[in-house]
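Let me give you the structure first, and then I'll get to my questions.
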Amino acid sequence: MQRHIVPDIVHDQALYFLQPDDSVAEAVKLMTEQRIGAVMVVRDGKLAGIFTERDVVTRVVSAGRDAAATPLGEVMTESPRAIGPRDTPGYALELMSEMGCRHLPVLDADDIVGMVSIRDLYGAVRDELEQDLKQRDALLFDTSYGVG
């Protein structure tokens, strides 16, 4: 059975959004409190960017910027690539590998549906592989197959 991002990976997900004018410090606080590695940045209800833990390190800390005074709009990844609800976990992993990222927003047209992390996708692909192996083992070694 082919799994899809929605509903197999993203379902009943709490979504957290910030605005481009919100500070990096606000984003880091939210990400810490919610134990998430990225937050979506919206403008007028539409995805404007994504801000990740990696952005904190590379675009803020290593650049010597003040997290409380730096707006997300200056350090976020603007117009990030996204996946759709009917995309597969395998496709999402390929895209992450190609882009070198660990989080992807999930959009249905322009509507924000969720966000997936590499951890979410790894779990889904691992479960798929385990199911495939069990089915193959049953087919190859099950005594109910054959002449009785």
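Using unit Cβ charges (K, R positive; D, E negative) and no other charged atoms, how large, in debye to the nearest 20, is the dipole of the range 73-114 about its Cα centre?
Details: 3 positive and 8 negative charges, 37 e Å.
Result for the range 73-114 is approximately 180 debye, rounded to the nearest 20.
Treating only the Cβ atoms of Lys and Arg (+1) and Asp and Glu (-1) as charged, compute the dipole magnitude of the range 81-142 about its Cα centre; round to the nearest 20 debye.
Values: 7 positive and 13 negative charges, 43 e Å.
That gives a dipole near 200 debye.
Moving to a separate point now. Tell me, TYR122, TYR91 in order of fewest to most beta-carbon neighbours within 10 Å?
On the way: TYR122 12, TYR91 15.
The most exposed by this proxy come first: TYR122, TYR91.
Please report the relative contact order for the range 15-80, taking Cα pairs under 8 Å with a sequence separation of at least 6, and give it as a percent rounded to a whole number.
Working: 104 pairs, mean separation 26.9, N = 66.
Result for the range 15-80 is 41 percent.
Can you compute the FRET efficiency between GLU78 and LEU129 using 1/(1 + (r/R0)^6), with r the Cβ-Cβ distance and R0 = 41 Å? Round to the nearest 0.05. Before the final figure, lay out the partial values.
Numbers: r = 35 Å, r/R0 = 0.86.
Using R0 = 41 Å, I get an efficiency of 0.70.
With unit charges on the beta carbons (Lys and Arg positive, Asp and Glu negative) and the dipole taken about the Cα centre of the chain, which residue among GLN13, ALA109, ALA92 sits farthest to the positive side?
Going by the charge dipole, the pick is ALA92.
Nearest 20 debye, what's the magnitude of the dipole of the chain about its Cα centre given +1 on Lys and Arg Cβ and -1 on Asp and Glu Cβ?
280 debye
For the chain, find the longest principal axis of its Cα atoms and tell me its angle to the long axis of helix 118-141, 0 to 90°, nearest 10.
The answer is roughly 0 degrees.
Oh, and also: Calculated from the structure, Kirkwood radius over Cα pairs in Å equals which of (1) 15.2; (2) 17.0; (3) 16.3?
(2)
Whole Å is fine, so just give me how far the alpha carbon centre of the range 90-113 lies from that of the range 1-79.
14 Å
Below 8 Å between Cα atoms, with a sequence gap of 6+, how large is the relative contact order for the range 81-142 in percent?
Values: 53 pairs, mean separation 18.0, N = 62.
Worked out over the range 81-142, it gives 29 percent.
Another question, if that's okay. Compute the length gained on full extension between ARG54 and TYR91: take 0.36 nm times their separation in residues and subtract their Cα-Cα distance, giving the result in nm to one decimal. Please report the intermediate quantities before stating the final value.
Working: separation 37, 0.36 × 37 = 13.32 nm, distance 2.23 nm.
That works out to 11.1 nm of additional length.
Only Cα pairs within less than 10 Å get springs; with that Gaussian network setup on the chain, which residue of ARG43, ARG35, ARG59 has the largest fluctuation?
Highest fluctuation of the listed residues: ARG35.
Further, regarding this structure: In deg cm²/dmol and to the nearest 500, what is the mean residue ellipticity at 222 nm of the chain if only DSSP H runs of at least 4 residues count, each as -39500 (n - 2.57), divided by the residue total?
On the way: 4 runs with 50 residues, N = 148.
Per the formula, -10500 deg cm²/dmol.
Select from the range 60-99 those trypsin sites (Lys or Arg not before Pro) which occupy a DSSP coil region and have at most 12 other Cβ atoms within 10 Å, ordered by residue number.
ARG86
In which sequence would LEU72, LEU139 go, from the one with the fewest C-beta neighbours within 10 Å to the one with the most? Spell out each step's value before the answer.
Numbers: LEU72 23, LEU139 9.
Placing the least packed residue first, the sequence is LEU139, LEU72.
Given the options MET40, MET115, MET99, state which has the largest fluctuation in a GNM of the chain using a 10 Å cut-off (strictly under) for Cα springs.
Maximum among the listed residues: MET99.
What percent do you get for the relative contact order of the chain when only Cα pairs under 8 Å and 6+ apart count? Intermediate results must be reported in sequence, preceding the final value.
Working: 195 pairs, mean separation 34.8, N = 148.
Relative contact order for the chain comes out at 24 percent.
Here's a follow-up. At a Förster distance of 25 Å, what's the computed FRET efficiency of GLN19 paired with ALA109, Cβ-Cβ distance as r, to 0.05?
Values: r = 22 Å, r/R0 = 0.86.
My answer for the efficiency is 0.70.
Quick note: the coordinates plus some simple rules give every number you see, no bench work behind them. None of the values given here were measured: they were computed from a predicted structure. Positions of Cβ are backbone-derived with ideal geometry, glycine not excepted, and every protein chain shown enters the neighbour counts.
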